Amino acid sequence: MINCPIYRLPGKLLQTFYGFIVIETMKDPSDLELSKEIHYFPAKHTLYDKYEKTRLYYRDVSNNFFLYKDKGITLPKIRVERCKIPQLYISESDKLESIMEMQDVFNKQIIEDIHSGNLPSVKNTLVTLMNETLSEPRSGNLQGLSKTIDTLIDGYSKQPQFFSTIATLSTNNYSTTIHSINVSAMALGLCINMGFNEKKTKEIGLAALLHDTGKIYVPNEILNAQRRLTDNEFRIIQKHPLEGYKILKGAGFSETICQVTYQHHEKLNGFGYPKGLQTNNINNASQLVGLLDFYEAITNHDRPYRRADTPIDALSIIKVCVDKGELNSDIFEAMVQYLSFSK
Ligand SMILES: [Fe+2]
Ligand SMILES: [Fe+2]
């Protein structure tokens, strides 16, 4: 590892590094932003070279923050990969803009990967984009995900197996984010297969992507528990539909999208949560996402005490739930048809 200090000569640093001329627009130390009042958030090292519009700061041993990279400058990827760059930070005032910048960067990356047919990269980028976006769900950036849904639909138009491939591509470290991406890809594919119009398809795809947003308030030790949950832990999990509803409502999403988040664990026979609603009070979009949510969870979530089910076994389990009156039989049949055609 090569140590490349780049911030020692404010105002006039020129450095030749692996063929790059690096020009830093550092200001005189007296002009530097030196405030402990402003909050700073750690930037992810893997994203250092992707910020252009976002200012990045470093922290000295006295906890003072100094400008490291101004707007309009991008850190060369090679330097980020090979230098010991200190932990960099984003100021609170730039946080929303930085997330929006990353959404743009990742949406462009997804478009490029779709064009080149690199679907594993599409999925990995989706995971990073979602994680970035959900890091500040109340800052107004969630709406940016509708652009991502447009991008995914564009991917489908170029390759009919796009959604089924994205939904089934395996990734390391199964998480709520990956689960949500899988459910969203299946929902988009199913809606198109059921002949829904574009507006409705996009709305349900976005609702599926956001359906578990409320889980950001569930502690990781509960979400990742490698054992059966206690009653108290399950009660905490059961709060995520309402928490998600509040976040999405506050972010200005449509009533359908908010209701999908609130109702996706309801069962038609009234045995679901959080309200125990019955058939007529659960909207169709919630029933569709709820069914795919169940299917995805049992086919992908491999726990020590319970192995993930194969798609055929999962459909048998869901059929039992349909016969008990818990899940919508029409949507189930459409899902079986979609899954058999999309293999
Ligand atoms: Fe959920
Ligand atoms: Fe879910």
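Just so you know, all these numbers are worked out from the coordinates, no wet-lab data involved. In this text, all values refer to a predicted model and were calculated from it rather than measured experimentally. Neighbour counts run over all protein chains shown; Cβ positions are idealised from the backbone, glycine included.
What nm distance separates the two modelled labels at Asn131 and Glu333, each placed 7 Å from Cα along Cα→Cβ?
Roughly 4.2 nm, to one decimal.
Using 0.36 nm per residue of separation minus the Cα-Cα distance, give me the extension gain between Lys44 and Gln278 in nm, one decimal.
On the way: separation 234, 0.36 × 234 = 84.24 nm, distance 4.43 nm.
Between Lys44 and Gln278, full extension yields an extra 79.8 nm.
With label points built 7 Å along Cα→Cβ from the Cα atoms of Ser121 and Asn269, find their separation and express it in nm.
About 4.9 nm separates the two model spin labels.
With 31 Å as the limit, write out which pairs from Lys44/Lys199; Lys77/Lys202; Lys199/Lys239; Lys44/Lys246 have Cα-Cα distances beyond it, or answer none. Mind dumping the intermediate values first?
Values: Lys44/Lys199 35 Å; Lys77/Lys202 35 Å; Lys199/Lys239 29 Å; Lys44/Lys246 28 Å.
Listed pairs above 31 Å: Lys44/Lys199; Lys77/Lys202.
At q = 0.07, 0.15, 0.18 Å⁻¹, what log₁₀ I(q)/I(0) does the stretch 117-341 have when each alpha carbon counts as one equal point scatterer in the Debye sum?
Treating every Cα as an identical point scatterer, log10 I(q)/I(0) equals -0.19, -1.01, -1.57.
Classify the stretch 47-167 as rounded, prolate or oblate from the Cα gyration tensor: take a ≥ b ≥ c as the square roots of its eigenvalues, call it rounded if a/c is under 1.5, otherwise prolate when a/b beats b/c and oblate if not.
On the way: a/c = 2.83, a/b = 1.88, b/c = 1.50.
It comes out prolate by the Cα gyration axes.
Relative to the Cα centre, what is the charge dipole magnitude of the stretch 204-343, using +1 at the beta carbon of each Lys and Arg, -1 at the beta carbon of each Asp and Glu, and rounding to the nearest 20 debye?
On the way: 15 positive and 16 negative charges, 61 e Å.
It works out to roughly 300 debye.
So, R0 is 51 Å and r is the distance between the beta-carbons of Thr310 and Ser62; what FRET efficiency does that work out to, to 0.05? Could you put the intermediate results ahead of the total?
Numbers: r = 58 Å, r/R0 = 1.14.
Approximately 0.30, to the nearest 0.05.
Nearest-5 percent of antiparallel DSSP beta bridges in the chain?
Numbers: 15 of 16 bridges.
The antiparallel proportion sits near 95 percent.
Hey, got a sec? Which GluC sites (Glu not before Pro) in the stretch 32-115 land in a DSSP loop and have at most 12 other Cβ atoms within 10 Å?
Numbers: sites: Glu33, Glu37, Glu52, Glu81, Glu92, Glu97, Glu101, Glu112; in loops: Glu33, Glu37, Glu52.
The qualifying sites are Glu37.
What does the C-alpha gyration tensor say about the overall shape of the stretch 123-208? Classify as rounded when a/c is under 1.5, otherwise prolate if a/b is larger than b/c, or oblate.
Details: a/c = 1.98, a/b = 1.26, b/c = 1.57.
In terms of gyration-tensor shape, oblate.
Within the stretch 250-282, list the chymotrypsin sites (Phe, Trp or Tyr not before Pro) lying in a DSSP loop whose Cβ has at most 12 other Cβ atoms in a 10 Å radius. It would help to have the intermediate numbers written out before the result.
Details: sites: Phe253, Tyr262, Phe271; in loops: Phe253, Phe271.
Of the chymotrypsin sites (Phe, Trp or Tyr not before Pro), the ones in loops of the stretch 250-282 whose Cβ has at most 12 other Cβ atoms within 10 Å are Phe271.
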